[in-house]
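J.: First the structure, then my questions, so here it is.
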Amino acid sequence: MSGRRRDDFSKKDVEIIAKRAGYICSFPSCGVPTIGPATTSQDAVNLGEAAHIYGASPNGPRYSSSQTAGERRSPENGIWLCRQHAKLIDADEQNYPPEKIFQMKNEHEQRIRVNLGKPSQISEIAGEHTAKGVGVVTGLDIVGPAIIRPGTRVIAEGIGKVTGTRIGPPHQK
Ligand SMILES: [Zn+2]
């Protein structure tokens, strides 16, 4: 009978867990966005889950009998994950003990906190980039993460140190 008992998160707390994660999977280097528009203009699609860190039911993974029902249901005991990673932490319990999941959650929330209210760090590169000259000639100099659109053209011509596309840290001044 006890196997049926689950201390699920309330709807409101699921939302809090999701929002604290920016609706992005908290699993390291996953980064999958879990929320977006549905086909009908009046709805949204959610591909994420509020997973329990310490298990929700005695038969479930990572259950701790020393937790109260209230602690189990608290948003503090939840992590926002994509479906795949929510499944993974349960299927591979040995590899994902609660301490490790708490760490994932904290690191992810920290990243979200740092980027909150700031414009995206990813630059988009498209079109034609031409550089001609003498000395140091760089057609396209990419600093930081970037998306290069199909059809992007780079032309670098000159005498000296000619580089078509340079991807790397900022130049030392
Ligand atoms: Zn994920």
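J.: What is the list of residues in the stretch 45-68 whose amide nitrogen lies under 17 Å from a point 7 angstrom out from the Cα of Glu93, following Cα to Cβ?
T.: Once the point is set 7 Å along Cα→Cβ of Glu93, 51-67 turn out to lie under 17 Å by backbone N, inside the stretch 45-68.
J.: Also: Show log10 I(q)/I(0) for the stretch 2-115 at q = 0.14, 0.16, 0.23 Å⁻¹, two decimals, from a solvent-free Debye sum over equal Cα scatterers.
T.: Here log10 of I(q) over I(0) equals -0.56, -0.72, -1.33.
J.: Return the calculated 222 nm mean residue ellipticity for the chain, to the nearest 500 deg cm²/dmol, obtained by summing -39500 (n - 2.57) across DSSP H runs with n ≥ 4 and dividing by the residue count.
T.: So the calculated ellipticity at 222 nm is -7000 deg cm²/dmol.
J.: Using the alpha carbons of the stretch 80-173, what is the convex hull volume per residue in cubic angstrom, as a whole number?
T.: 178
J.: Name the long-range amide H neighbours of Phe27: under 5 Å, sequence gap of 5 or more, or other chain; modelled H, no Pro or chain starts.
T.: For Phe27, whose amide H was placed from the backbone, the distant partners under 5 Å are Cys82.
J.: Please list, in chain and number order, the residues 5+ apart from Gly158 or on another chain whose amide H is under 5 Å from its amide H, with Hs placed from the backbone.
T.: Amide H neighbours of Gly158, under 5 Å, 5+ apart: Gly133.
J.: Moving on to the next point. Would you mind computing, in nm to one decimal, how far apart the modelled labels at Glu124 and Thr152 are, each placed 7 Å from Cα along Cα→Cβ?
T.: 1.2
J.: Straight distance only, please: which lysines reach the Cα of Lys12 with their own Cα at less than 24 Å, same-chain residues fewer than 8 apart left out?
T.: Filter leaves Lys87, Lys105.
J.: Report the FRET efficiency, 1/(1 + (r/R0)^6), for Asp141 and Glu107, where r is their Cβ-Cβ distance and R0 is 30 Å, rounded to 0.05.
T.: Working from the Cβ atoms, E equals 0.45.
J.: Beyond 17 Å, what share of the Cα-Cα pairs of the stretch 1-57 is found? Please give it as a whole percent.
T.: 50
J.: Under 25 Å Cα to Cα from Lys161, which lysines show up? Leave out anything in the same chain fewer than 8 places away.
T.: Cross-link targets: Lys132, Lys173.
J.: Oh, and also: Treat the stretch 123-167 as a sphere of radius equal to its Kirkwood radius over Cα pairs and apply Stokes-Einstein at 37 °C in a medium of 0.692 mPa s; give the translational diffusion coefficient in µm²/s, rounded to a whole number.
T.: Here the translational diffusion coefficient equals 306 µm²/s.
Each value in this text was obtained by applying a stated rule to the coordinates, not by laboratory testing. If you're wondering where the values come from, they're calculated on a predicted model, not measured in any experiment. In this analysis, Cβ positions are derived from the backbone assuming ideal geometry, glycine residues included, and neighbour counts consider all displayed protein chains.
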